[in-house]
1. Can you tell me the length gained on complete extension of the stretch residue 45 to residue 271, counting 0.36 nm per residue apart and subtracting the Cα distance?
2. Report the extension gain between residue 258 and residue 21 in nm, rounded to one decimal, defined as 0.36 nm multiplied by the number of residues separating them, less their alpha carbon distance.
3. Order by neighbour count: 278, 210, fewest other Cβ atoms within 10 Å first, most last.
4. Among 101, 120, 12, determine the one that fluctuates most according to a GNM of the chain built with springs between C-alpha atoms less than 10 Å apart.
5. Using a 10 angstrom cutoff on alpha carbons, build the Gaussian network for the chain and name the most mobile of 194, 27, 285.
6. Could you sort 131-137, 33-39 so that the peptide with the highest average Cβ count within 10 Å comes first and the rest follow in order?
7. What FRET efficiency would be calculated for the residue pair residue 234, residue 99, taking the C-beta separation as r and a Förster radius of 51 Å, to the nearest 0.05?
8. What's the FRET efficiency of residue 176 with residue 57 using the Cβ-Cβ distance as r and R₀ = 51 Å, to the nearest 0.05?
């Protein structure tokens, strides 16, 4: 199309919206070869073209409303669904946010070049205003994509953190009917919840009668850590298992006394070996020590 005097009388956003709608095929064909789409749609270029068309149509819907810099504009919902998922895929594969932002910015030039071809005089004020409008629109598009990619990154980091917590909190079967959780590092609320869930699952799966919480690797014990431990002990009791806290070093014992924390209802032992010996003894298994070390008979 050629921009007529009637078009020139319209607002730039409407001109840009009409341009995007009428030239979406050409824009889509050019965008399909851009790194952002080419790196995701590696098998079928036709799929990339269709994805590009959906994005162009969404931008046309936003332009006609005049909400060029509003990332909450309804039309950007399609962009979030399409480009957002693509950017999230790139982010999960290791692409840096700056790289994704640059790839989205790379969509501007092909679209602007086509827009300039619509005007007999690309330097005319109306042409410049429309180019500025399209530039603003694509700038907001980049913000929307980056927002979605960052949200995906945040979710990925949270999942990885959760997985690390689970890996860092293993439940070990020490003996038939006896399980243990060796805790290493700080025990916060999130990790305490995982400890409790993992221990309770192990008690059910292993039909354990004794559960040992070994805190040898916990650097400090404060009132919050003590509270978490007591909750875990109580939960284990409700599942029918006796819970033993081991690894209370002299320094930690002094801290507990100074803080006035009452662990009177919690069975404690100085070391994991002592806790295991107690659990085995309760099951009628005697422990003896030889020169080679401890053995069970």
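All of the numbers you see were taken from the coordinates with simple rules; none came from a lab. Because the structure is predicted, anything quoted here is derived from the model rather than measured. Methodologically, a virtual Cβ is constructed for each residue, glycine included, from the backbone with ideal geometry; neighbour enumeration extends over all protein chains shown.
1. 75.0 nm
2. This chain segment gains 78.0 nm when fully extended.
3. Listing 278, 210 from fewest to most nearby Cβ atoms yields 278, 210.
4. Greatest mean-square fluctuation among the candidates belongs to 120.
5. 285
6. Per-residue Cβ counts within 10 Å, averaged per peptide and sorted highest first, yield 131-137, 33-39.
7. 0.55
8. 0.20
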